[in-house]
Amino acid sequence: ESLLEVRELPWAMLGLGKAYYHLQQYAKAADVLRRLIDSQPMLVAAHDWLSLVLEKQGESKNAQEVLVQALEHSPKSILRQRRLGEVALRNKDYNLAEKSFKLALRVGKGSCFRSPAEFAGLAHALIKKDAPMEAAKLVDTMTREFREDPGDLLQVALVDAEVQQSLGNTERGKQAAERAMQLFQERPDKVSSDLAMELAEVCFQQGSTDSARELLRHTLLNQHKDSVTQQRVRDLFSAAGLASESQTLIDSTVREVAEINNQGVRLAREGKLEEALRFFEKAVQAMPENIQVNLNAAQSLVMFMRERGVNRAYIVKAEVYLDRVQAVDMTNSKCQKLKEMLGHLVVGK
């Protein structure tokens, strides 16, 4: 702000827009970013951030238009094409989603950013457009390209289940969903909340209600305070004719997360630092996206090292946990304080 009082520097305007975004002052962020785009239309990063702001404001259609404008200036960005495809899917603009995901796959050939997400997004768009046979071809390509990471394998199996279901191959669809469920149970830490909800929807459609409940519990453990996630869970239960169950699961999961955190904190307060450390390491494996669990896991490592000495492996783990929090909540004060404490430990070493 002080720099911009002297001169309208584009990089400072972009920084201010990003700061307002992370401070959740979305109206101010949108105003700054729009002024920046008016004066510097080729600065595509401003379009990216404005689209994020607009989504937070519930203006998904406008966010889509801003991304379209950005891609007119920079069409070879795989990440931007993928994001436009995802936004278009949410807006039910399946033609644009198909076009965007196809371009993402084309420009991403040989790129380190290439992932199953573009294939999955394209498959979803094709299924919505009643082109399941074309979507089925994508499963074959995914199977060849993504054969190692458990999370990738689960996404392949999930897309296969959705494709087979749309083709009317009920048994093959169930087998693919069961394969995805097995991968989830083996490595839940590799399964994002979004992916778990997507698989839960398929399980509900196939009558595998217990599996769907397990997946949605996993989602809520990771996002127990997120109102958007809670609403999506309610919607999934309601679509399955089980609306009365959703709030019970939400409430019990919130209590479960609170008890897990309290139990670990009690161990630390009692001086059982090694037990607290192991407890939170186990908890964070089951809930890799949970902000509070990641913070407590990092804090247990910091407390342990302050008393027992610095351990390089523990420093790396704590940094991983804090980076997860910062990626979601840039202004989290506890995260910033723990980063400072971790920095002092490294310097002291």
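Table for the structure above
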quantity	calculated
Cα convex hull of the stretch 112-188 - mean projected area over all directions, nm²	4.9 nm²
Per residue, the convex hull volume that the Cα atoms of the chain enclose (Å³)	158 Å³
Where N is the number of residues in the stretch 1-149, Cα Rg divided by 2.2 N^0.38 Å	1.19
Solvent-accessible surface ranking, highest first, for GLU275, GLU245 at 1.4 angstrom	GLU275, GLU245
Carbon plus sulfur fraction of accessible area for the stretch 5-72, probe 1.4 Å, in percent	52 percent
Whole-Å semi-axes of the stretch 38-99's equivalent ellipsoid (Cα gyration tensor)	18, 14, 8
Principal axis box of the stretch 1-81, alpha-carbon based, largest edge first, Å	35, 25, 18
Neighbourhood net charge (14 Å Cβ-Cβ; Lys/Arg +1, Asp/Glu -1) for GLY207	-2
LYS18, LYS282, reordered so the largest accessible area comes first (probe 1.4 Å)	LYS282, LYS18
Over 23 Å between alpha carbons, listed pairs LYS174/LYS282; LYS56/LYS225; LYS190/LYS282; LYS129/LYS225	LYS174/LYS282; LYS129/LYS225
Largest to smallest accessible area among ILE78, ILE260 [probe 1.4 Å]	ILE260, ILE78
q = 0.09, 0.10 Å⁻¹: log10 I(q)/I(0) that the Debye formula gives for the stretch 208-349, counting C-alpha atoms only	-0.32, -0.39
Area of CYS112 that stays accessible when all protein chains are in place (1.4 Å probe, Å², to 10)	120 Å²
Calculated FRET value between ASP140 and GLU59, using beta carbons and R₀ = 45 Å, to 0.05	0.75
Principal axis dimensions, largest first and in whole angstrom, of the stretch 256-337 by Cα	31, 30, 21
Principal axis dimensions, largest first and in whole angstrom, of the stretch 160-270 by Cα	57, 30, 20
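The values are calculated or read from the model by the stated rules, or taken from the named source; none is laboratory data. On a predicted model such as this, the values are computed, not experimentally measured, just so you know. Cβ sites come from the backbone with ideal geometry, for glycine too, and all protein chains shown count toward neighbours. Just the protein is used for accessible areas: all its heavy atoms, side chains included, with ligands, DNA and RNA removed. Shrake-Rupley method; radii C 1.70, N 1.55, O 1.52, S 1.80 Å.
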